[in-house]
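Shown next, in structure tokens, is the structure this report addresses.
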Amino acid sequence: MIKRSALLLSLLLFSVTTLAANLKPYPADAPTPPLKLQDLQGKTHDLNDYKGSVVLVQFWATYCTPCRKEMPSMNKLMSKMGDVPFKILAVDMGESKPEVTAFVNQVKPEFTILMDEEGQSIGAWKVFAAPSNFIIGPEGKIRYTLFGGVEWDSDELVTKLKALAAN
């Protein structure tokens, strides 16, 4: 029984420590691509308008199972960030407004959903998988990337994002 508990604890610690390994530093000299898209209500959002905040830019799709699974943790992340200047811009990749609206009505994200029905921003951001995540620092530069799903509200990621906001 003790061996089984130790094994489970080891697996838990491994899975927690691998979260940081998944958050990859982005080259400091690489430019941040432009991002200017409309949300589901038709309001235009320009990434440049979010300078001063840490921004999670996520490229996702309604058919992406990890995207669906992680959105509740993204909602929790928003509340865990408290009064830290932090925003999430979730960019749907190449789907229609009715498809995205149906998904949003089911999953109920509490952050901004942007529409890229033509998939024009995917190339500039070098997106090759869903979900593809980019952490933008307060200065407007990409600081980290993460490809694939993750529990965004983990203490480790919350701490890392809050530290980025403090710099």
Next item on the list: With the full set of protein chains in place, find how many percent of the accessible area of the chain is carbon and sulfur; take the probe as 1.4 Å.
Entry: 57 percent
Checklist line | Relative contact order computed over region 36-159 (Cα-Cα under 8 Å; 6+ residues apart), in percent | finding: 35 percent
Notebook entry, point to check: Between VAL84 and LYS51, what is the label-to-label distance in nm when each label sits 7 Å out along the Cα-to-Cβ direction?
Noted result: 2.2 nm
Check: Out of residues 5 or more away from GLN38 or on other chains, whose amide H comes under 5 Å of its own, with H placed 1.01 Å from N in the peptide plane?
Finding: HIS45, MET115
Next item on the list: Calculate for the chain the 222 nm mean residue ellipticity that helices alone would give, adding -39,500 (n - 2.57) per DSSP H run of length 4 or more and normalising by residue count, nearest 500 deg cm²/dmol.
Entry: -12500 deg cm²/dmol
Next item on the list: Using only Cα atoms, tell me the angle between helix 155-166 and the longest principal axis of the chain; keep it within 0 to 90° and round to the nearest 10.
Entry: 50 degrees
Item checked: 5 angstrom amide H check on LEU89, placed H, neighbours 5+ away -> LEU56, VAL57, GLN58
Margin query: Over the chain, with the other protein chains present, what is the accessible area per residue in square angstrom, probe 1.4 angstrom?
Written below: 54 Å²
Checklist line | Antiparallel DSSP beta bridges within region 48-167, as percent of all bridges there, nearest 5 | finding: 45 percent
Notebook entry, point to check: Which one is right for this structure if mean projected area of the Cα convex hull in nm² is calculated from it: (i) 16.3; (ii) 10.8; (iii) 14.9?
Noted result: (ii)
Next item on the list: Can you tell me the 0 to 90 degree angle between the C-alpha axis of helix 2-22 and the longest principal axis of the chain, rounded to 10?
Entry: 30 degrees
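The values are calculated or read from the model by the stated rules, or taken from the named source; none is laboratory data. This structure is a prediction, so every number in the text was calculated from the model and none was measured. No Cβ is skipped: glycine too gets one built from the backbone with ideal geometry, and neighbour counts run over all protein chains shown. For accessibility, only protein heavy atoms count, side chains too; no ligands or nucleic acids. Shrake-Rupley method; radii C 1.70, N 1.55, O 1.52, S 1.80 Å.
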